[in-house]
Structures are given as structure tokens and as C-alpha cells.
Amino acid sequence: MVIKTLKLSFKEMIEVAERDIETMPIAEALSSLGSADTIFIDLRDIREIQRDGLIPGAFHCPRGMLEFWVHPESPYHKPIFAEQGKKFVFYCASGWRSALATRDVQALGLSPVAHVEGGFSAWKNAGGSIAEK
């Protein structure tokens, strides 16, 4: 049996992804709430949302389904990801999953996209509005 050594740590993976994507500062994310041009996408597990709530108006897309829901040729495609003139702003609990997710959907051609710096934790700590699921 051959065991391969990983080349990057998970933190390095996130740093590499963030070089190629837009990271939205929490103040900008807070001011984008309610904008008709912005769609917040919550990538967290449903149990996280049930426990902690979510950004008001956010669309829940489990991280494991993201590429399938975004890709227009997928049988699982969700029409929200075909909306024109919208900026898709992804978030998770701390910004790790959302950084990788933003990189991945950007590679699929979804644009414009960004992720929330610090994720939902930063949103909550900054006093952002929270809706219950």
C-alpha cells in the first residue's frame, strides 16, 4: 500500500484559493444585505443553520451539492444560479469552506462571486441580522 503525503496543509489550500477569488470584508457584506444585486449563499450543514440561524434572505446550498446545483448542464441545477446581474456571495461558519467553494464555482464560470471574510461567525460577531430557519 502506498500512502501519499499531502502537499498542502488545509490552511495553505485556503490561502491558495484566496489568491484567486474575491474575499468580501465583513463590513461590505453587512452593507450588502438587502441589495437586489447580491445573493448570499449559505454552504453550511442544515444542522448548523438550525442551531445558529442564517443571514436573512440567504439561499441554502449544502457544500456537497454546490457544483451540481451551479452547473447548468447538471440534472440537479438550481435556477437561482442562472440569475443574471447578481453577485453570489458564499459563506460558511468561518470562511474556509466558502473560500474553496468560491474558487470552484468561479472555475465553473459563475461570476461575479465572492466569499465572506470570517464567514457566519464574523457576521454574528459584527452584529449582523440573523434569521431563523
Consider the stretch 30-44. How many of its residues are over 12 Å from the mean Cα position of the chain (by Cα) and either of a type outside the set (D, E) or surrounded by 13 or more Cβ atoms within 10 Å (Cβ to Cβ) (or both)?
8
Members of the stretch 112-133 found to be modelled with pLDDT of 95 or more, over 19 Å from S35 (Cβ atoms) and part of a loop (DSSP other than H, G, I, E, B), listed by number:
G118
Positions within the stretch 14-62 being within 18 Å of K78 (Cα to Cα), not in a loop (DSSP other than H, G, I, E, B) and not aliphatic (A, V, I, L, M), in sequence order
T38, F40, D42, F59, H60
Would you mention how many residues in the stretch 82-94 are surrounded by fewer than 23 Cβ atoms within 10 Å (Cβ to Cβ) and either of a type in the set (D, E) or in contact (Cβ under 8 Å) with a residue 40 or more places away in the chain (or both)?
5
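One line per residue, one yes/no per condition, for (1) out of contact with any Cys (no Cβ under 9 Å at 6 or more places or on another chain); (2) part of a helix (DSSP H, G or I); (3) not acidic (D, E):
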residue: G64; (1), (2), (3): yes, yes, yes
residue: F68; (1), (2), (3): yes, yes, yes
residue: H77; (1), (2), (3): yes, no, yes
residue: F90; (1), (2), (3): no, no, yes
residue: A101; (1), (2), (3): no, yes, yes
residue: V105; (1), (2), (3): yes, yes, yes
residue: L110; (1), (2), (3): yes, no, yes
Whether any residue in the stretch 73-80 is surrounded by 11 or more Cβ atoms within 10 Å (Cβ to Cβ), in contact with a strand residue (DSSP E or B) (Cβ under 9 Å, 6 or more places away or on another chain) and of a type in the set (K, R) is what I want to check.
yes
Return the total of residues in the stretch 10-29 being farther than 23 Å from G57 by Cα and open to solvent by 50 Å² or more (accessible area, probe 1.4 Å).
9
Condition met for F68 (surrounded by fewer than 18 Cβ atoms within 10 Å (Cβ to Cβ), modelled with pLDDT under 95 and either within 21 Å of V105 (Cα to Cα) or under 12 Å from the mean Cα position of the chain (by Cα) (or both))
no
Quick check on the stretch 95-116: of everything there that is free of Cβ contacts under 8 Å to residues at least 40 places away in the same chain and of a type in the set (A, V, I, L, M, F, W, C), which residue is least open to solvent (accessible area, probe 1.4 Å)?
V105
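The values are calculated or read from the model by the stated rules, or taken from the named source; none is laboratory data. Since the model is a prediction, treat every value here as computed from it, not as a measurement. Using ideal geometry, Cβ is built from the backbone for each residue, glycine included, and neighbour counts are taken over all protein chains shown. When the accessible area is computed, the model is the full protein with side chains, heavy atoms only, and any ligands, DNA or RNA have been set aside. Shrake-Rupley method; radii C 1.70, N 1.55, O 1.52, S 1.80 Å.
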